[in-house]
Amino acid sequence: MNPPDPITKAMQLAVETGVFPGAVLLVRVGGRLRYQGAFGHASLIPEPVPVSLETVYDLASLTKPLATTTAVLCLAQEGRLGLDESIGAVLGELKGTAIGEATVAHLLHHSSGLPGWRPFYERIAERDLAQPGFLGSAEARQFVMALIGQEALLAPIGTRSLYSDLGFMLLGLIVERRAGCSLAGFVRDHVYATLQAEPLFFIRTGRDKREASEGLPVDLHRVASTEEDTWRGRVVRAEVHDENAYAMGGVAGHSGLFGTAEAVLAVSGCWLNGYLGRDSLFRSDWVRRFTSRQDQPSGSSWGLGWDTPSPPSSSGTKFSPQSFGHLGYTGTSLWVDPRCELEVVLLSNRVHPTRKNDKIREFRPKIHDIIYEGLIADS
């Protein structure tokens, strides 16, 4: 029997050393799938369940580029949303607030001055006790918008780069206001269905959960487990791990998307084709604008909804400066290098059974370097 190749060996070792219980890795170069592998387990408790290439993962913050940013690009290139429009002009409820003066672009490149995170779910859960059904409702989403409107900015708009879930919560609401439908419905109908990027979907929570679950595109037993959550009192599976997204109904601009590695690659390929000026849903000039480092404020690595390599980068040391990508808290990542047409999708549930495991931080750059050395440098 031949020894495992370096990529497989690294992935197997990651499972053995507890970087994650399991993962799926897909690598495409020049439009051709060069590597695919499923490793370890999708769940350890209450019983072990092996990973397969069809395992569905909670994509966490990959929601930001794959759903929210993609939706903003679609609306922008159709002339339905301006990147320089103020938040207050789109969401009238925020006129006169500190964040209301920021623009859509400020939210996309994380320079709005908003804090990174707030435990809004605690406030929503508290109100749900007195008003059953509030958690997960449309009213809860409006409540979150109001709470963000009350936030004092941590820095003047445009002067500091601070990665913010709150900014993308607002972007999700902006998409819905301009599109006239849910974020989930917009990306499903305008992007995923056309690309056959399936399954990519949101799982609703709260009072709409049962009805929404009946129409989901996969057997929920295919969904990898995330955390043994003390707040919810159970192992989280087939519901979004992020507490704020859960309290907002499962569909949010910062988190909530679920999917397989193959489905992620379908959307990734559309962005790459757009970048290269090939046939794509997305215009090349818009894709290049979104994926290019904005340098706003000076020194920031952020494009519009996408990150770019900035040492030390999770993409490792080999990806070109033209590369773009994003991470997800649950243990997911996507990196694309247009220069060599390299796409790397790594999906894991490193938060299972606990989020107190950050070994993936060291592993990510290593696996990207191994992939680059094995499939690009030697080709």
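In this entry, Gly172 is excluded by the filter for residues that are in contact with a Ser or Thr (Cβ under 6 Å, 6 or more places away or on another chain), without any contact (Cβ under 8 Å) to a residue 60 or more places away in the chain and within 23 Å of Gly328 (Cα to Cα). Examine segment 44-62 for a residue that is of a type in the set (Val, Ile, Thr), in contact with a Leu (Cβ under 9 Å, 6 or more places away or on another chain) and over 18 Å from Asn244 (Cβ atoms), and state whether such a residue exists. Yes, because at least one residue in segment 44-62 is of a type in the set (Val, Ile, Thr), in contact with a Leu (Cβ under 9 Å, 6 or more places away or on another chain) and over 18 Å from Asn244 (Cβ atoms). Scanning segment 269-289 for residues that are out of contact with any Lys or Arg (no Cβ under 9 Å at 6 or more places or on another chain) and either polar (S, T, N, Q) or under 19 Å from Tyr192 (Cα atoms) (or both) turns up Cys270, Trp271, Asn273, Arg278, Asp279, Ser280, Leu281, Phe282, Arg283, Trp286, Val287.
Taking the listed residues Ala38, Ala42, the one that is modelled with pLDDT of 95 or more and either touching a Phe, Trp or Tyr at 6+ places or on another chain (Cβ under 9 Å) or among the β-branched types (Val, Ile, Thr) (or both) is Ala42, with no other qualifying.
Of the numbered criteria (1) more than 20 Å from Arg350 (Cβ to Cβ); (2) in a loop (DSSP other than H, G, I, E, B); (3) aliphatic (A, V, I, L, M), the one Val19 fails is (1).
Residues of segment 239-271 that are hydrophobic (A, V, I, L, M, F, W, C) and either modelled with pLDDT under 95 or closer than 22 Å to Leu26 by Cβ (or both): Leu257, Phe258, Ala261, Ala263, Val264, Leu265, Ala266, Val267, Cys270, Trp271. State yes or no: is Arg34 basic (Lys, Arg), in contact (Cβ under 8 Å) with a residue 24 or more places away in the chain, part of a strand (DSSP E or B) and over 25 Å from His190 (Cα atoms)? The answer is yes for Arg34. Just name the residue that is farthest from the chain's Cα centre (by Cα) out of those in segment 341-377 that are within 22 Å of Thr226 (Cα to Cα) and acidic (Asp, Glu). Step by step, filter segment 341-377, then rank; the result is Glu362. So Ala67 passes all but one of these: (1) in contact with a helix residue (DSSP H, G or I) (Cβ under 8 Å, 6 or more places away or on another chain); (2) farther than 18 Å from Arg177 by Cα; (3) not polar (S, T, N, Q). Which condition number does it fail? Evaluating Ala67 over (1) in contact with a helix residue (DSSP H, G or I) (Cβ under 8 Å, 6 or more places away or on another chain); (2) farther than 18 Å from Arg177 by Cα; (3) not polar (S, T, N, Q) leaves (2) as the failure.
Output the qualifying pairs, or none if there are none: Cβ atoms under 7 angstrom, residues six or more apart or on different chains, first residue in segment 343-370 and at positive phi and touching a residue at least 12 places away in the same chain (Cβ under 8 Å), second residue buried (at least 24 other Cβ atoms within 10 Å of the Cβ) and not in a loop (DSSP other than H, G, I, E, B). Qualifying pairs under 7 Å: none.
So that you can scan it fast, the table gives a plain yes or no per residue for (1) surrounded by fewer than 17 Cβ atoms within 10 Å (Cβ to Cβ); (2) under 22 Å from Glu227 (Cα atoms); (3) among the charged types (D, E, K, R):
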{"position": "Pro3", "(1), (2), (3)": "yes, no, no"}
{"position": "Thr8", "(1), (2), (3)": "yes, no, no"}
{"position": "Met11", "(1), (2), (3)": "no, yes, no"}
{"position": "Thr17", "(1), (2), (3)": "yes, yes, no"}
{"position": "Val27", "(1), (2), (3)": "no, no, no"}
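Among the residues making up segment 227-241, those that are assigned to a loop (DSSP other than H, G, I, E, B) and out of contact with any Phe, Trp or Tyr (no Cβ under 9 Å at 6 or more places or on another chain) are Glu227, Thr230, Gly233, Arg237.
Within the option set Val104, Val90, Val15, Val72, being over 26 Å from Ala179 (Cα atoms), of a type in the set (A, V, I, L, M) and touching a residue at least 12 places away in the same chain (Cβ under 8 Å) holds for one residue only, Val15. Considering Ala138, Ala125, Ala152, Ala130, the condition of being in contact (Cβ under 8 Å) with a residue 40 or more places away in the chain, more than 30 Å from Asp295 (Cα to Cα) and out of contact with any helix residue (DSSP H, G or I) (no Cβ under 7 Å at 6 or more places or on another chain) is satisfied by Ala138 alone.
The values are calculated or read from the model by the stated rules, or taken from the named source; none is laboratory data. If you're wondering where the values come from, they're calculated on a predicted model, not measured in any experiment. Ideal geometry is used to build each Cβ from the backbone, glycine not excepted, and the neighbour counts take in all protein chains shown.
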